[in-house]
Amino acid sequence: MTAVPDIVEFLVQCPPFDAFDVGAVERLAEAVEVEFHPAGATIFPKGTEAVEFLRVIRAGAVEVIDDGRVLDLMGPGEMFGYASLLSGLPTDFGTRASEDSLTYRIPADAASEVLAKPQGLRYLTRSMLEDRHHLGSGPDAELPRDQLRQPVRAAIRSAPVICTPGTSVREAARRLTDAGATALVVDLGDSVGIVTDSDLRSRVVGGGLSSDSPVSAVMTAPAFTVPSDRSGSEVLVDMLDRGIRHFPVVSASGRVVGIIEDHDLLAVERSSSFFLRRAIARAGTIDQLVEASSKLRPTVIGMSQGRVPAAEVMSVFSVVADALTRKVLDLVIAETGKPPTRFAWLTLGSQARREALPSSDLDSAVVWFDDDHADPASIRRYLGAVATRTTDVLQRCGFHPDEHRVSAADPLFVRSLSSWRRSARSFLDDPTQDKALILVSVLVDSRAVWGDETEPLIAETFRSATARPRLLRLLAEFALAHRPPTGFLRGLVVESTGEHRRRLDLKNGGIVPIVDIARWAGLASGVTSASTVARLGVAGASGTLSPFDAVTLQEAFDLVCQLRLDHQVAQLRAGVEPDDFLDPDELNPLTRNYLKEAFRAVASVQRHIAADLGLALR
Amino acid sequence: MSRPSRIRSTAPPATATYPEGGGNRGRTPWRLAHFCVVDLELSGLDPKYDEIISFAAVPIDAGRVVAGNAVYGLSRNTRPLPEESVLVHGIRTVDLADAPPLDEAIEPLVDIMTGRILVAHAAWIERSFLDPVLRRRGVRLRGPILDTRDLGHLLALERGVPSVSSSLSELARSLGLPVHRPHHALGDALTAAQVFIALATLLDGHAPQTVRTLSLARRRVQTLSVYPAGGSPARRA
């Protein structure tokens, strides 16, 4: 094999090959096959299988297309096909020659050898971050692109879960689940250990270790740590070299500031959400923010196409919605003036549980701290203005306020902390009062997203609910009021009238019954703010639900969420406003059966609860 | 019409060393056939006097130019190089001092040509210089060498546009293709190979192309030039 000098000379000018030594580019050039594509010819179609070749355009122009829509036009020196080639996943777009074009085709083996080097990965990650193939180009051009050149601390997604060596495996697993994390750090004084969820699975579940054992029995110690100022690309290379997927990240003072995972640095779907969050963080005006948030729905489509599980899509969506809410508040407060008091913005409902999807309403409330001796009337005026403006901007960003007006724009939901606590206590004392249960349900699912988040807020008031059997009983009744849409032997129950006739209501029929059971069961087990899956996990572990029922509900919830996501992505792609009304005939028979099974399982759990608590089922 | 050119041995022992390439029959769709694009740099254009001083060949399989398998070489001149030829290709006697003599240097070229249909730009030159070299090895070329110049004229006629000049560089540019180092055997062979796959693909869009239809390009150009209206049913108005 010999490399043709003209091909080498061309490739060394093109990123990322410009960063390689000539020897590596020569090896790449040896593998080049030159193809000609006449104008209009498909180079590879969308999404049938993974591509096996990297392609570099030598002459002409190539369109990136998705369902007939041109997303991008690439010219000489640009390459394509690498994401699919490296991930082994089907392409999420097709490519077509827009004019007569000459491309260099490089087989996967030869291409990966080069692309897997740090310079190649850096380029790829940058390209994926730009993510023009999902998001289109335009104002994005000004944004920082080189995630992997940034210090690794920039890619940390949340504070680390840290425990002591004596913490039980059960407790560790619970904290891991609650935090939505995949690894936790064990503080060993002068060093740290690490426990990943796969350690827990293999060493406890598979290895027969008791869940009462200390985490020190399952941890890896000392863990390989990385300094927080190390670049993302170096960390990624360390990961690849060592075959380790999680590294604790340590600050200059030796404190663990987070855990970095390979996904954080590489995966497309995550990257596009990083990208979006950065765009949101950088927005300096409300118009820029509205513009940045227009990328959220395409990101959801992209993640769905990338086969990201629904649970993860929902959590990414919710994380972005949180970031957006924070930024809107920053901008609105900058417009309105300095707040007369400290206050916190609460997100409620599905967004608080991190289970929001494009169809979800954005429920919100405000709590202000009345220990500042400011004038309550002027505080209400100020907060009312901020809340109205914020919900308006969020609506422009595609987040609709709650249809039942559980919204900070309603003065009823802008209150001082003592007022909220009074209401919460009164709901607890007399849950039969008007709307008490609905309000409790909403407030149990609340999370402060802006403001002083360290204060124990309203949801905490409900922790004492363990001592309030009457409230729990009513919450359980409330949970049993929504029956899944299935009869004993009949098929799926669909809407019989109205706009959604013959449609299945996935939200009220599928999601709500499970969410309500989980809220009750979680509260009965001492958990307030958490995701549905986490609540069910704790309820199963504590005995509020049988472990079997807990798992059944988790699985049913996963299935319904996945169907919801698929349905909404199809609507988004068709340019339709997403909703939760599914035509059961669109499901393949197997999925339809799974769904029926899931609904029956939920109904059966409801019967168990009713029997246990001596409640009547409607 | 004879079959397209590939190397054939005239003597039984040599036949064994040049096995027939598969799928190169006349009716084979062009993408299934195996081609070899050849370019020679010469001391002049008179086959009786001038000699090959540099050569390159680029294989084409499945309609793609397999650049990594390209062959390039120099061969030592036996006579002084005319100054005007040095001005064209830039190769001086001193550059050839260490090169092997032609019959030895040509070995890799013969290897890569074996079993492949030859393609060249202005192919009569390649033919007239390769013939005697191969003959000395007991091998001869049969049939025409596919000619990118003829194919270029044919496409212009099919499209009803005027032909560009006969030069390889002009033809490549008119197709929007890169022009590699001109008058360097490997550069020209690569340019010609890319021009060939482009022309074959584009002609294929007018009517399905086989090894045989491509080899008949010259004749078809003549027919279309004389009877432009009825020449091709697929021709654009």
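The values are calculated or read from the model by the stated rules, or taken from the named source; none is laboratory data. None of these values were measured; they are calculated from a predicted model. Neighbour counts run over all protein chains shown; Cβ positions are idealised from the backbone, glycine included.
Does B:Glu126 satisfy the condition of being among the acidic types (Asp, Glu) and buried (at least 16 other Cβ atoms within 10 Å of the Cβ)? Against the criterion (among the acidic types (Asp, Glu) and buried (at least 16 other Cβ atoms within 10 Å of the Cβ)), B:Glu126 qualifies. Residue count for region A:28-45, restricted to those that are more than 9 Å from chain B (Cβ to nearest Cβ) and surrounded by fewer than 16 Cβ atoms within 10 Å (Cβ to Cβ): 4.
Checked against the criteria, B:Ile91 counts as out of contact with any Phe, Trp or Tyr (no Cβ under 9 Å at 6 or more places or on another chain) and part of a loop (DSSP other than H, G, I, E, B).
On the given criteria, is B:Leu134 over 21 Å from B:Leu32 (Cα atoms) and touching a helix residue (DSSP H, G or I) at 6+ places or on another chain (Cβ under 8 Å)?
Working: over 21 Å from B:Leu32 (Cα atoms): yes; touching a helix residue (DSSP H, G or I) at 6+ places or on another chain (Cβ under 8 Å): yes.
Yes.
The single condition among (1) under 19 Å from the mean Cα position of the chain (by Cα); (2) more than 30 Å from A:Ile43 (Cβ to Cβ); (3) more than 14 Å from chain A (Cβ to nearest Cβ); (4) among the aliphatic types (A, V, I, L, M) that B:Leu96 does not satisfy is (1). Being outside the structural domain of A:Gly384 (by TED's automatic domain parsing), assigned to a helix (DSSP H, G or I) and at pLDDT below 85 is a description that applies to A:Ala292. If only residues of region A:368-402 that are out of contact with any Asp or Glu (no Cβ under 6 Å at 6 or more places or on another chain) and modelled with pLDDT under 80 are counted, the one that is nearest to A:Leu324 (Cα to Cα) is A:Pro401.
Number of residues in region A:374-393 that are among the hydrophobic types (A, V, I, L, M, F, W, C) and under 14 Å from A:Leu346 (Cα atoms) equals 3.
Quick grid of which residues meet (1) under 20 Å from A:Phe343 (Cβ atoms); (2) surrounded by 14 or more Cβ atoms within 10 Å (Cβ to Cβ); (3) modelled with pLDDT under 80:
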residue: A:Ser426; (1), (2), (3): no, no, no
residue: A:Thr432; (1), (2), (3): no, no, yes
residue: A:Ser441; (1), (2), (3): no, yes, yes
residue: A:Glu453; (1), (2), (3): yes, no, yes
residue: A:Pro456; (1), (2), (3): yes, no, yes
residue: A:Ser464; (1), (2), (3): no, no, yes
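The set of residues from region A:9-27 being more than 10 Å from chain B (Cβ to nearest Cβ), hydrophobic (A, V, I, L, M, F, W, C) and in a helix (DSSP H, G or I) comprises A:Leu11, A:Phe17, A:Ala19, A:Val22, A:Ala24, A:Val25. Inside region B:178-214, residues that are surrounded by fewer than 24 Cβ atoms within 10 Å (Cβ to Cβ), of a type outside the set (Gly, Ala, Ser) and not in a helix (DSSP H, G or I) make up a count of 9. Candidates in region B:27-47 are the residues that are touching a Pro at 6+ places or on another chain (Cβ under 9 Å) and more than 14 Å from chain A (Cβ to nearest Cβ); of these, the one that is surrounded by the most Cβ atoms within 10 Å (Cβ to Cβ) is B:Cys36. Within region A:57-74, restricting attention to residues that are part of a loop (DSSP other than H, G, I, E, B) and over 34 Å from the mean Cα position of the chain (by Cα), the residue that is nearest to the other protein chains (Cβ to nearest Cβ) is A:Gly60. From the list A:Thr341, A:Thr432, A:Thr391, A:Thr336, the lone residue that is more than 30 Å from the chain's Cα centre (by Cα) and closer than 24 Å to A:Glu291 by Cβ is A:Thr336. The set of residues in region B:192-208 that are more than 9 Å from every other protein chain (Cβ to nearest Cβ) and farther than 20 Å from B:Val161 by Cα comprises B:Ala192, B:Pro208. The residues on offer are A:Ser112, A:Ser84, and the sole one that is within 26 Å of A:Ala574 (Cβ to Cβ), more than 10 Å from chain B (Cβ to nearest Cβ), out of contact with any His (no Cβ under 6 Å at 6 or more places or on another chain) and crowded, with 16+ Cβ neighbours inside 10 Å is A:Ser84. Take A:Leu54 and decide whether it is more than 16 Å from A:Ala116 (Cβ to Cβ) and either part of a strand (DSSP E or B) or away from chain B (no Cβ under 14 Å) (or both). The answer is no for A:Leu54. Within region A:538-566, residues that are more than 24 Å from A:Ser525 (Cα to Cα) sit with their Cβ atoms under 8 Å from residues that are at pLDDT below 90 and among the hydroxyl-bearing types (Ser, Thr, Tyr), at 6+ positions apart or across chains, in these pairs: A:Leu559/A:Tyr594; A:Leu563/A:Thr591; A:Arg564/A:Ser359; A:Leu565/A:Ser304; A:Asp566/A:Ser304.
How many residues, within region A:334-379, are among the polar types (S, T, N, Q), in a loop (DSSP other than H, G, I, E, B) and closer than 30 Å to A:Gly575 by Cα? Working first, answer last.
As a first pass, look at region A:334-379 and keep what is among the polar types (S, T, N, Q): A:336, A:341, A:347, A:350-351, A:359-360, A:364, A:378.
Within this subset, residues satisfying the condition of being in a loop (DSSP other than H, G, I, E, B) are A:341, A:359-360.
Of the ones still in play, those that are also closer than 30 Å to A:Gly575 by Cα are A:359-360.
Count: 2.
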